[in-house]
Amino acid sequence: MIKAFLFDMDGVLAESEELSVSIGVSYFRSIGMDADSSIFSDYLGGGERIFFDGPAKELGLTGSPYDYHEASAFFRKEYEKRASGLDISLPGAKEIVRSARAEGIMTAVASSAPGWKVLMNIKGIGLSPDDFDFIASGEDIKRNKPFPDIYALCLIRLGLDGSEAIVFEDSVMGIKSAKSAGCHAIGTGSTYPVTDLYAAGADAAVSDLSAFPSALDAVSAIEDREGKKKRVPITEYLVKHALRLARNARINAYAPYSGFKVGAAVVTSSGKIYTGCNVENSSYGATICAERNAVTTAIAAEGRTRIEMVAVFTDSNPPSPPCAVCLQVLAEFAYPDTLVVLSSGTEEVRMKFSELLPKPFTLNTI
Ligand code: THU
């Protein structure tokens, strides 16, 4: 189960690279060197030291007037002046952090940048340090990405295993760091080609975080992928067992108006079985079918999950399929090949979900 989102800062939550480079150019001007912004492109994302030492070397500066500590102090002063009040948030950044928190998912920042800059950037994207459960910056680790250290540190501080965290990264080094720490990794941005991010081990890639209107969409991007590998095996025993539970659930059906009693059972991705019966109402339209009762019970117990099998027990021959409303509700969680078993005790029908509802309604908002 995913319990935390770990965010790289630059190129994922904040767009601060342009500003950093322009300050770098100003620094070299201040010591009489005419540096072009392109000279920095090979030295981004690896922390502050390489950001200055790399271009200095290319400019032939090994000592005076170049001094890393002076450059670092210049950078901080300028960055604090020029970044304050600037909106540097990337699309979807604020939203996904807030949505994660609202869904009970922990959040952390893991950036190689110095702590003061990370804090400024958090403000610059319209968030506060309180929006994160942990903030790791360059000073907290000795070995930079692609070593796993910064993500390993986040996991230790949050008390999690890598399999419980999704890392959002825009760079090849960052994805490698996340994967070495055992985390799931989603590549973002256009700094690197998607193929490079996948080659580095990314489990998914998007152009920016607005691809996930809710934090749970990012969770699904990982879990659905995992789910494909980890389908619950539908054994004959499981089918019989689910039918037995559906038959028992039918005993409690409240059907004084129609006299038609239905029991249902659904098997979720966890392999657990949830049951339901129909519950009628004197205002007939308020009646709830057995299948929907079972589905909502499963979701209430487990949260977002998938339905691997459905069993329905009625005493009609041939056995009744779920109504169209229940099929639409099942479609939200079922796979097209989810097995639906209908039984009356004397007759049994087995179908794939897609045979009962080949074209479910889906909300295509993007
Ligand atoms: N019913 C179900 O429980 N599931 C279905 O899919 C179809 C109908 C119930 C609702 C009502 O209590 C009774 O059957 C007659 O419609």
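The values are calculated or read from the model by the stated rules, or taken from the named source; none is laboratory data. Remember, it's a predicted structure, so these values are computed and weren't measured experimentally. Neighbour counts are summed over all protein chains in view; Cβ atoms, including those assigned to glycine, are modelled from backbone coordinates with ideal geometry.
General remarks:
- So ALA255, is it at pLDDT 95 or above, in the same structural domain as PRO321 (by TED's automatic domain parsing) and more than 9 Å from the ligand (Cβ to nearest atom): no
- Restricting the range 316-348 to residues that are among the charged types (D, E, K, R) and at pLDDT below 95, the residue that is farthest from LEU238 (Cα to Cα) is GLU332.
- Residue match in the range 265-276 (condition: in contact with a strand residue (DSSP E or B) (Cβ under 9 Å, 6 or more places away or on another chain), within 11 Å of the ligand (Cβ to nearest atom), in the same structural domain as CYS323 (by TED's automatic domain parsing) and over 27 Å from ARG231 (Cα atoms)): no
- Residue check, TYR254 in contact with an Asp or Glu (Cβ under 6 Å, 6 or more places away or on another chain) and over 24 Å from GLU332 (Cβ atoms): yes
- Unique residue being at pLDDT 95 or above, crowded, with 18+ Cβ neighbours inside 10 Å and under 25 Å from GLU18 (Cα atoms) when the list is ILE166, ILE150: ILE150
- Check on TYR237, of a type in the set (Phe, Trp, Tyr), free of Cβ contacts under 8 Å to residues at least 40 places away in the same chain and farther than 25 Å from PRO336 by Cα: no
- Scanning the range 336-347 for residues that are touching a residue at least 60 places away in the same chain (Cβ under 8 Å) and part of a strand (DSSP E or B) yields a total of 3.
- Scope the range 309-326; condition near the ligand (Cβ under 8 Å from one of its atoms) and in a helix (DSSP H, G or I); matching residues: VAL325, CYS326
- Of residues in the range 327-363 being within 14 Å of ARG247 (Cβ to Cβ) and away from the ligand (no atom under 13 Å from the Cβ), the one surrounded by the fewest Cβ atoms within 10 Å (Cβ to Cβ): THR346
- Search result, residues across the range 21-60 that are surrounded by fewer than 21 Cβ atoms within 10 Å (Cβ to Cβ) and among the small types (Gly, Ala, Ser): SER22, SER26, SER30, GLY32, ALA35, SER37, SER38, SER41, GLY46, GLY47, GLY54, GLY60
- Tally, over the range 51-86, of residues that are touching a helix residue (DSSP H, G or I) at 6+ places or on another chain (Cβ under 7 Å) and closer than 16 Å to LYS117 by Cα: 13
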